[in-house]
Amino acid sequence: GASFANTQYTDFLLSAAAIQVPFTIMTNSDIGNLIGSAALSTREAVNSNTNLGIILLLAPLAVVKREPEQFRESVQKRLDQTTVGDAIIAFDAILAAHPGGLGESSEQDIRDIPSVTLLEAMKLAADRDMIARQYANGFADVFDFGFPAFLDAFAKFHSIEAAIIASQLHWLAAYPDSLIARKNGPAVAEDVRQRAAEVLNLGGIATAEGRRAGTLLDKYLRSD
């Protein structure tokens, strides 16, 4: 319920509804085309960047068949098949969303026309962006850390919302947030990581002390 200057809760709901169509009908598409279509649908629905990271993260997972035994391998295969065209579309989508803290890069800068595949471009950014890192490592952090954290939380709380909050706390406690680092520097990102770890040390959302600490962390994250 806490709105930002140009973004409200309803913007996230509208964005989720907007990308439902491309993520439903473009499951056999190239990763770049899905990113571009979903980003365009979002811009037609809202005037702020609500879900660029979500789109970039979900696209490689959405274009493979849901065969549990081969799912991870299939994701890697699709990443290996990305093209320069995919990178061009993704770069355009990122620029159009105006994400915070982009900075500049000496190689394959987002403001230039890429000359490498989307996977190669993401590998170049993997040291400063956690989503790019997933492309570079075959979504290892998602499969080996995020997915188990979510399932553990869901088994504990029997609630998708609670599982999302709990697993997000585990992400923040384990990895300095790359968006915070880009916008405010690595020291602030590390401070947030330590604060999230303290919330977990107090029991996270499972205890009254943890929930109180989580509320303070939430207020801190939205402070100047």
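Apply the Karplus curve 6.51 cos²θ - 1.76 cosθ + 1.60, θ = phi - 60°, to the phi angles in the stretch 31-42 and return the couplings in whole Hz, x for Gly and Pro.
4, x, 5, 5, 4, x, 5, 5, 5, 5, 4, 5
With the convex hull built on the Cα atoms of the stretch 25-65, state its orientation-averaged projected area in nm².
2.7
Relative contact order for the stretch 38-183: what is it in percent, counting Cα pairs under 8 Å that are at least 6 residues apart?
20
Any idea what Rg and Dmax come out to for the chain if you just take the C-alpha atoms, in Å?
Both quantities, over Cα of the chain: 17.8, 52 Å.
Through the Karplus equation 6.51 cos²θ - 1.76 cosθ + 1.60, θ set to phi - 60°, convert the phi angles of the stretch 137-149 into ³J(HN,Hα) values in whole Hz; use x for Gly and Pro.
Those phi angles translate into 10, x, 6, 4, 5, 5, 5, 8, 10, x, 5, x, 5 Hz.
Straight distance only, please: which lysines reach the Cα of residue 123 with their own Cα at less than 28 Å, same-chain residues fewer than 8 apart left out?
Hits, sequence-local ones excluded: 65, 77, 183.
Mean shadow of the stretch 118-191, computed from the convex hull of its alpha carbons, in nm²?
In nm², the orientation-averaged hull projection of the stretch 118-191 is 5.3.
Quantify, in whole percent, the carbon and sulfur part of the accessible surface of the stretch 158-224 (1.4 Å probe; protein heavy atoms only).
About 55 percent, which is the carbon plus sulfur part of the accessible surface.
Could you provide, to the nearest whole Å², the per residue accessible area of the chain with probe 1.4 Å?
57
Below 8 Å, C-alpha to C-alpha, sequence gap of six or more: please give me the relative contact order for the stretch 120-224 in percent. Display every interim value, and only then the final one.
Values: 107 pairs, mean separation 17.0, N = 105.
It rounds to 16 percent for the stretch 120-224.
The values are calculated or read from the model by the stated rules, or taken from the named source; none is laboratory data. Predicted model, so just to flag it, every value in this text is computed and none were measured. Just the protein is used for accessible areas: all its heavy atoms, side chains included, with ligands, DNA and RNA removed. Shrake-Rupley method; radii C 1.70, N 1.55, O 1.52, S 1.80 Å.
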